[in-house]
Amino acid sequence: MLGADSVWPLWGDAAAVTFDDPATVPDVAVVSAVEAPVLLGFRARELNGRAMLVLGGGGYTALMVGREGVQVARWLTGLGYNAYVLIHRFPNAANGPSAPLDDAVEAMRLIRAHDDTPVGVVGLSSGGHLAACLAAEYPSDWVARSDADRPDLFVIGYAPISTNAKGRTIIADKPSLPPVEKQAMYDRLQPDAQLLPAPPPAFIVYAGNDPVVPVENARRLHAAWQRAGGAAELHVFGDAPHGFALDTKDMPVSIWPMLCEAWLRQVGFL
């Protein structure tokens, strides 16, 4: 699937994933529905002794598994990481609000059991929200967590951390986001307000003029990381589109992967 070296269904014997266009190339593939989630493994040629979980965005109603998944995995394998792209379920009436987090936790457990190495996470857009949730306290009636569920390092880009939550929006009178399970997830998982003490190192990158995810999300997350006693590096590019990922060329934001690589070396994860 999508050129992966391994395909691991999370909860059963087979994956059940619907693509917008089954004939599209992996680099731009979009998932429109997920009945049974799957973890796709991309192997590095020269291992650096680390692994990365990749969480793409799509607003929890689709998944940009190509631009924010496969492309990111290829970048990471080029740096020596085994990279794992999660195609998770969406929060909806069929799955409930906790499904993406349940899948991300199970993906972390599978990666740790298989690789037995430090595991970081790269999350973009809604995938960045999901990544940050792995550093936060979960609602008590949701999936049980352990210290092994928390990644050893975080890379988070243009993620709606808490401004979609009721009472914390930037846009006045912002309506609830459909479906109701998606809004419930944003209300109950606000990583900046629920961050656990001593979070691992984080690299945070946003656009200052993002029309979809206000840059206040970056400031909230960065401040929360510092309050909790963690180290976080924040980069805000003045002019960039939402969803800049790795393929936004000829703009200053295109250098963020190089900045991230330098940071990974600095913190000893590369």
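Would you check if there is a residue in segment 31-45 being more than 16 Å from the chain's Cα centre (by Cα), more than 23 Å from Ser125 (Cα to Cα), at pLDDT 95 or above and of a type outside the set (S, T, N, Q)? There is at least one residue in segment 31-45 that is more than 16 Å from the chain's Cα centre (by Cα), more than 23 Å from Ser125 (Cα to Cα), at pLDDT 95 or above and of a type outside the set (S, T, N, Q).
For Ser140, state whether it is touching a residue at least 40 places away in the same chain (Cβ under 8 Å) and small (Gly, Ala, Ser). Spell out how you get there, then give the answer.
Values: touching a residue at least 40 places away in the same chain (Cβ under 8 Å): no; small (Gly, Ala, Ser): yes.
Criteria not met by Ser140.
Here are Ser176, Ser254: which of them is in contact with a helix residue (DSSP H, G or I) (Cβ under 8 Å, 6 or more places away or on another chain), free of Cβ contacts under 8 Å to residues at least 40 places away in the same chain and of a type in the set (Ser, Thr, Tyr)?
None of the other options fit; the residue is Ser176.
Among the numbered conditions (1) small (Gly, Ala, Ser); (2) buried (at least 22 other Cβ atoms within 10 Å of the Cβ); (3) touching a Pro at 6+ places or on another chain (Cβ under 8 Å), the only one that Ala184 does not meet is (2).
Any residue at all in segment 52-63 that's among the hydroxyl-bearing types (Ser, Thr, Tyr) and either without any contact (Cβ under 8 Å) to a residue 12 or more places away in the chain or not in a helix (DSSP H, G or I) (or both)? Quick ask: steps written out before the conclusion?
Quick first cut of segment 52-63, residues among the hydroxyl-bearing types (Ser, Thr, Tyr) only: 60-61.
If we keep only those that are either without any contact (Cβ under 8 Å) to a residue 12 or more places away in the chain or not in a helix (DSSP H, G or I) (or both) as well, we get 60-61.
The answer is yes; a qualifying residue exists.
Residues in segment 217-247 that are more than 21 Å from Ala136 (Cα to Cα) and either in contact with a Phe, Trp or Tyr (Cβ under 9 Å, 6 or more places away or on another chain) or surrounded by 18 or more Cβ atoms within 10 Å (Cβ to Cβ) (or both): His235, Val236, Phe237, Ala240, His242, Gly243, Phe244, Ala245, Leu246. Looking at segment 46-86, which of the residues that are surrounded by fewer than 20 Cβ atoms within 10 Å (Cβ to Cβ) and in contact with a Ser or Thr (Cβ under 7 Å, 6 or more places away or on another chain) is farthest from Leu101 (Cα to Cα)? Looking at residues that are surrounded by fewer than 20 Cβ atoms within 10 Å (Cβ to Cβ) and in contact with a Ser or Thr (Cβ under 7 Å, 6 or more places away or on another chain), I get Gly49. Reported count of residues in segment 217-259, each being assigned to a helix (DSSP H, G or I) and either under 18 Å from Cys133 (Cβ atoms) or not charged (D, E, K, R) (or both), is 18. Residues of segment 15-37 that are within 19 Å of Gly57 (Cβ to Cβ) and of a type in the set (D, E, K, R): Asp20, Asp21, Asp27.
The values are calculated or read from the model by the stated rules, or taken from the named source; none is laboratory data. Given the structure is predicted, the values throughout are model-derived calculations rather than measurements. FYI the Cβ positions are ideal-geometry reconstructions off the backbone, even for glycines, and counts take in every protein chain you see.
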